[in-house]
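What follows is a short report on a single structure.
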Amino acid sequence: MTPTHRLLLFVGPLSLVVALLTGVQAAQAAEPPARTPDRIAYDVALRADATGTRWTGRERISFTHTGTGPALREVYVRLWGNGADGCGGAGATPPVRVSRVAGGVADAPSVNCTALRVRLAHPLARGARTSVSFDVSLTVPDRMARFGRGGPYRYLGNALPVLAVRDGRGWHLDPDVGFGESYFTLAADFHVVLEHPAALTVPATGTTTTRAARAGRAVTVSTARRVRDFAWAAGPFRTAAATSPGGVRVRAFWTEDTDPDGVALARAESAGAVDAFGERFGRYPYGELDIVLSPDFAVFGSMEYPGFVLLWTDRDGSGAAHEIAHQWWYGIVGDDEYADPWLDEAFATYAQDLFHGESGQDCWSQVYWPRPDAAITDSMGYWAEPPGPVGWTSVVYRAGSCALHDLERELGTPVMERMLRTYAADHWYGVSTDADFLRAARTAAGRDLTAFWAAHRIEAGPAGSRR
Ligand SMILES: [Zn+2]
């Protein structure tokens, strides 16, 4: 994401501080990930009320136990839409509710109502496949947010329940820290049917078609393959679509109060960025990209979802390049966004710089280190501690991208470009870790880079993911 401008006021100038050499570890050979459940398919049918505020229906999640070890006895469903409101307090109901679970038995929600354990009806042997299904109720909160609303417009980012990941370290049940992303999901296939008032236009992840239904209603059907999440919006958007020279259908949706010049700039930058990054990192695989534009996103910034981005847009345009770079860094090449936020944010910021022809020459003057022990590789748990988001944006986004610019200077541009293409291809639709990236860079360089990582406060291994 790109946080709002209030969080991007870097407190400078500070030059690159020589990092402490203690605690820096070289990339270590990672164990096989054994992530489970995988080969996930979501089958969803939801019906909206008259304003698109409330969506109710059924969700089925099919999956295979791909992990090592004994049979899988449980899965966790993440209800990230409850991140801001939690369980809603006494007498209130959380925005995301699940009921009538089939295929297992659900506990009471945990982790501030963002995690739901479902004990499977039958233990699932390694390699076996099953499904759980449940009724889902989504009530769009009355605030401007990724899952929120403004005027007649509804945004459903991180609203749909998704499966958590288990690996050698157990289930990933990290909390929503109130900013950025704590999410971690495996690539999955989605088939989503949204029934809604015909007066509401519905952009969404995936390849989307809308047909008229009876009594002033419409049905939007979206199919998405190998994506980590599914988001949509609903409202009386103005729309336009064009196909980029590289063949990606870019559909634009904007609120009535969006500046027309900003719309034109955002559309042009989006088409340019999806093609440029496709050439640089590997062709954009989804065919369609929906951009949703509004000046009202200023309160939170901009946000990426697979094939669907929310872009804070004013007359000067938007941060399209950054959010579209996330289609590769987080989306196609996944990461644990709680443990390793730099693997998506630093890479999106670096890619955004390249798109704008910036080489990061004066990069470090914009970096502020909030604490002496801060590292680019720190987790969201670290950044949730004071001073919070200011340090996160400065170090993860800016210092992280500066380090990548320096790495490009260290390796040379052709080697850096080749390395990133190979790194993307090696983790295409998969998950990358700190150690994976450091290994890719070392292989491309053909020499040890330990001193480089140390000088840039990039710490792979346990220290790099401290909570
Ligand atoms: Zn971002």
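The values are calculated or read from the model by the stated rules, or taken from the named source; none is laboratory data. Computed from a predicted structure; not experimentally measured. Glycine also receives a Cβ, built like all others from the backbone with ideal geometry; neighbour counts cover every protein chain displayed.
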message: Which of the numbered conditions does residue 372 fail, given that it passes all the others? Conditions: (1) modelled with pLDDT under 95; (2) farther than 19 Å from residue 183 by Cα; (3) in contact with a helix residue (DSSP H, G or I) (Cβ under 8 Å, 6 or more places away or on another chain).
response: (3)
Output for segment 403-429, where each listed residue is outside any helix (DSSP H, G or I) and surrounded by fewer than 16 Cβ atoms within 10 Å (Cβ to Cβ): 412
- request: State which residue is surrounded by the most Cβ atoms within 10 Å (Cβ to Cβ) when the search covers only segment 339-348 and only residues that are charged (D, E, K, R) and within 11 Å of the ligand (Cβ to nearest atom).
  value: 345
statement: The residue from 115, 102, 121 that alone is surrounded by fewer than 17 Cβ atoms within 10 Å (Cβ to Cβ) and over 15 Å from residue 44 (Cβ atoms) is 121
task: Among the strands (runs of 3 or more DSSP E) lying completely within segment 270-330, list those that include at least 2 residues that are within 12 Å of the ligand (Cβ to nearest atom).
output: 301-305, 308-314
- prompt: Just one of the numbered conditions (1) in the same structural domain as residue 454 (by TED's automatic domain parsing); (2) away from the ligand (no atom under 16 Å from the Cβ); (3) part of a helix (DSSP H, G or I); (4) more than 15 Å from residue 396 (Cα to Cα) is not true of residue 354; which one?
  reply: (2)
field: Odd one out for residue 141 among (1) under 22 Å from residue 45 (Cα atoms); (2) in contact with a strand residue (DSSP E or B) (Cβ under 6 Å, 6 or more places away or on another chain); (3) in a strand (DSSP E or B)
entry: (3)
message: If I ask for residues that are within 16 Å of the ligand (Cβ to nearest atom) and of a type in the set (A, V, I, L, M, F, W, C), which ones from segment 357-389 would you list?
response: 376, 380, 383
query: Given the structure, is residue 336 within 16 Å of the ligand (Cβ to nearest atom), part of a loop (DSSP other than H, G, I, E, B) and touching a His at 6+ places or on another chain (Cβ under 7 Å)?
result: yes
- prompt: Would you say residue 365 is of a type outside the set (Lys, Arg), surrounded by fewer than 20 Cβ atoms within 10 Å (Cβ to Cβ) and in contact with an Asp or Glu (Cβ under 8 Å, 6 or more places away or on another chain)?
  reply: no
